[in-house]
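J.: Shown below is the structure under consideration.
Derivation of every value follows stated rules applied to the coordinates shown; laboratory data play no part. These numbers come from a predicted model, not from an experiment. Positions of Cβ are backbone-derived with ideal geometry, glycine not excepted, and every protein chain shown enters the neighbour counts.
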Amino acid sequence: MFDLIVIGAGSGGVRLARMSAQRGARVAVVESRYLGGTCVNVGCVPKKLFVYGAHVRDELEDAAGYGWKVPGEQVAFDWPTLVANKNAEIERLNGIYRRMLESAGVTIIEGSARLTDAQTVMVGDRRYQARHITVATGSWPVVPDIPGKECILTSNEMFYLPQLPRQAVVWGGGYIAVEFAGILAGLGVETTLIYRGELFLRGFDDDVRRFTAEELAKKGIHLRFGVTLDSVQAEGGHYNLALSDGSRLTTGLVMAATGRRALTEGLGLEALGVELEASGHIRVDEHFQTKVPNITALGDVIGTPQLTPVALAQAMVLSQRLFGDGGGEMDYQHIPTAVFCQPNIGTVGLTEAEAKAAGHQVVIYRSEFKPMKYTLSGRQERCLMKLVVDKTTDQVLGAHMVGPDAGEILQGLAVAIKAGATKAEFDSTIGIHPTSAEEFVTMREPVADH
């Protein structure tokens, strides 16, 4: 009898298992694919490595402005080398996750889990029992059911492509679509992004969305908004695409980044009385408890923000509640996030629209400029910084940036916004000169049209 069985060894599941074991619980983890889940294997980590690889071309192009001579005919990119090096790094991380679990005393069970009651998990023909069971199975990409969907790749397959095509179409408007469009374009692929809405990155600040679209177009990415994909037909070594506006495209690769579904199939949850949302996510209360005693869930499978740090934080709270002092609450306010397109997006707090909808009378501070790094290279890439401030309290409600290292810069600002910093406190902070980041503490004049 275990104290806890965790189904799923992604970021949240591993953290919950390890922290609970360190609190003295007897813990097992069941995993059917790979340790580390989406983030380590087909998500955040390999994606960021690909982003770094794609950005090298910009660095090479900028080199001449700084006196470096890079003979163009001697510069070549080899996709299989990047994939192989990425694979080696992922294998290293898989090993680290295994050692972390084993050193904490966690039992690793490989296979697919099925719950037969609130305290019993079957893996193959083996039966395991526990006082508590936590479902942390994550999510999986979804491809809409259109003619030719079997020809469409998802982000999962993109990490293992045997070779790059000359042309590619990315279908979707979320951060995964935008990031992969940037990766492909940066690696020399003629890339088109198609999205049904008027503008991609729904949920981000509107200034950020518009500015990012302008910058991605400068990178040569073809943006097709207000249109969706109706069908795909393979013909020879290419694909013919029919779009909703009646136009057609021919390309060498089609990738869909059109959403993800919760991985709950085959677990036997509904037969036990565990309720699912209409979206397919597991329904839990604020303490991650399902309707069935002893069964909890966390991470992407419950429909909270699909971010690794969110799952990690949930795991810490749940471990404390199950095997600690029984307290702990999850706070979903002011969650910072980044989109690793090129240039990067970093954001924390309320967008301008969200602040107004919440009843705040807002003052907007916004700055656009060419980063110092590009003054000698001649690159036309620009940077956007924006602060959303409550006019009555002077509290900074949100900070948003599009530009180099935006994620690195916004992580620090997230602490200030979480702490309730005011615009006056931003203004009284000494900047680090010369950096782009100092702009956040030197913006003095509000935008007139707000």
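J.: Would you calculate, for the chain, the mean residue ellipticity at 222 nm contributed by helices, counting each DSSP H stretch of 4 or more residues as -39,500 (n - 2.57) and dividing by all residues, to the nearest 500?
T.: Details: 13 runs with 140 residues, N = 450.
After summing the helix terms and dividing by the residues of the chain, the value is -9500 deg cm²/dmol.
J.: Assign unit charges at the C-beta atoms only (+1 for Lys and Arg, -1 for Asp and Glu), then state the dipole size of the range 262-396 relative to its Cα centre in Debye, rounded to the nearest 20. Can you show the working numbers first?
T.: On the way: 11 positive and 16 negative charges, 171 e Å.
The dipole of the range 262-396 has a size of about 820 debye.
J.: Using only the Cα atoms of the chain, build the gyration tensor, take square roots of its eigenvalues as a ≥ b ≥ c, and label the shape rounded, prolate or oblate: rounded if a/c is under 1.5, else prolate if a/b is larger than b/c, else oblate. Walk me through the numbers before you get to the answer.
T.: Working: a/c = 1.74, a/b = 1.27, b/c = 1.37.
Oblate, since a/c reaches 1.5 and b/c is not below a/b.
J.: Please list, ordered by chain and number, the residues whose modelled amide H lies under 5 Å from the amide H of His132; skip anything fewer than 5 residues away on the same chain.
T.: The list, which skips near neighbours in sequence, is Leu4, Ile5.
J.: With springs connecting C-alpha atoms under 10 Å apart, model the chain as a Gaussian network and identify which of Ala217, Ala406, Ala311 has the largest mean-square fluctuation.
T.: Fluctuation is largest for Ala217.
J.: With point charges of +1 on the Cβ of Lys and Arg and -1 on the Cβ of Asp and Glu, referenced to the Cα centre of the chain, which listed residue (Val123, Gln380, Gly188) lies farthest in the positive direction of the dipole?
T.: Positive-end residue among those listed: Val123.
J.: To the nearest 20 Debye, how big is the dipole of the chain about its Cα centre, given +1 on the beta carbon of each Lys and Arg and -1 on that of each Asp and Glu? List each step's numbers first, then the result.
T.: Values: 43 positive and 52 negative charges, 156 e Å.
The dipole of the chain has a size of about 760 debye.
J.: Let me ask something additional. Which pairs, out of Lys48/Lys423; Lys48/Lys218; Lys391/Lys418; Lys370/Lys418; Lys218/Lys373, put more than 25 Å between their alpha-carbon atoms?
T.: Lys48/Lys423; Lys370/Lys418
J.: Let me ask you something else. Along each of the three principal axes of the Cα atoms of the range 357-450, give the extent in whole Å, ordering the values from largest to smallest.
T.: Answer, in whole Å and largest first: 44, 28, 21 Å.
J.: Could you tell me the relative contact order of the chain? Use alpha-carbon pairs under 8 Å, at least six residues apart, and round to a whole percent.
T.: Details: 919 pairs, mean separation 68.9, N = 450.
Computed over the chain, the figure is 15 percent.
J.: Using the Karplus curve 6.51 cos²θ - 1.76 cosθ + 1.60 with θ = phi - 60°, what ³J(HN,Hα) values do you get for each residue of the range 433-438, in whole Hz, with x for Gly and Pro?
T.: With coefficients 6.51, -1.76 and 1.60, one gets 10, x, 9, 6, 4, 5 Hz.
J.: Would you give the gap between the C-alpha center of the range 292-322 and the C-alpha center of the range 149-194, rounded to a whole Å?
T.: 31 Å
J.: So which residue, out of Val292, Val208, Val169, gets the largest mean-square fluctuation from a GNM of the chain using Cα contacts under 10 Å as springs?
T.: Maximum among the listed residues: Val292.
J.: Return the aspartates and glutamates within reach of Lys356: Cα separation strictly under 16 angstrom, same-chain partners fewer than 8 residues apart disregarded; answer none if there are no such residues.
T.: Excluding near neighbours in sequence, the set is Asp205, Asp206, Asp207, Asp390, Asp394, Asp449.
J.: Can you tell me the relative contact order of the range 1-112? Whole percent, Cα pairs under 8 Å, sequence separation 6 or more. Could the numbers behind the result be given before it?
T.: Values: 123 pairs, mean separation 42.3, N = 112.
With pairs under 8 Å counted, the relative contact order is 38 percent.
J.: If you wrap the range 62-168's Cα atoms in a convex hull and average its projection over all directions, what's the area in nm²?
T.: Working: hull surface 53.8 nm².
That works out to 13.5 nm².
J.: Among Gly36, Gly72, Gly24, flag the residue with its Cα farthest along the positive direction of the charge dipole of the range 20-78, charges on Cβ as +1 for Lys/Arg and -1 for Asp/Glu.
T.: Farthest towards the positive end: Gly24.
J.: Mean separation of Cα pairs under 8 Å and 6+ residues apart, divided by the residue count of the range 337-441: what relative contact order is that in percent?
T.: Working: 188 pairs, mean separation 30.7, N = 105.
About 29 percent, as a whole number.
J.: Which ³J(HN,Hα) values, rounded to whole Hz and listed in residue order, are derived for the range 305-312 from phi using the Karplus coefficients 6.51, -1.76 and 1.60 in 6.51 cos²θ - 1.76 cosθ + 1.60 with θ = phi - 60°, glycine and proline given as x?
T.: x, 7, 10, 4, x, 5, 4, 5
J.: From the phi of every residue in the range 191-206, what ³J(HN,Hα) in whole Hz does the Karplus formula 6.51 cos²θ - 1.76 cosθ + 1.60 yield, where θ is phi - 60° and glycine or proline is x?
T.: Values per residue, Gly and Pro as x: 10, 10, 10, 10, 8, 5, x, 6, 7, 6, 6, 4, x, 8, 4, 4 Hz.
J.: Kindly list the residues of the range 288-303 that lie in the label zone of Asp325, defined by a backbone N under 20 Å from the point 7 Å along the Cα-to-C-beta vector.
T.: Those under the cut-off are 288.
J.: Something else now. Compute a Gaussian network model of the chain, connecting alpha carbons closer than 10 Å, and tell me which residue from Glu89, Glu265, Glu179 fluctuates the most.
T.: Most flexible of the set in this elastic network: Glu265.
J.: Given the C-alpha centroids of the range 414-428 and the range 19-38, what is the distance between them in whole angstrom?
T.: 38 Å
J.: Taking the alpha-carbon centroid of each part, what is the distance from the range 346-387 to the range 58-96 in angstrom?
T.: So the two Cα centres are separated by 30 Å.
J.: Based on the alpha-carbon gyration tensor of the range 297-406 and its eigenvalue square roots a ≥ b ≥ c, which shape applies: rounded if a/c is under 1.5, prolate if not and a/b is larger than b/c, or oblate? If you can, show how the numbers build up before the last one.
T.: Working: a/c = 3.20, a/b = 1.62, b/c = 1.98.
Oblate shape, in that a/c is at least 1.5 and b/c is the bigger or equal ratio.
J.: Something else about it: Just name one of Leu60, Thr81, Phe426: the one whose Cα is farthest towards the positive end of the charge dipole of the chain (beta-carbon charges, Lys/Arg +1, Asp/Glu -1).
T.: Most positive-ward Cα: Thr81.
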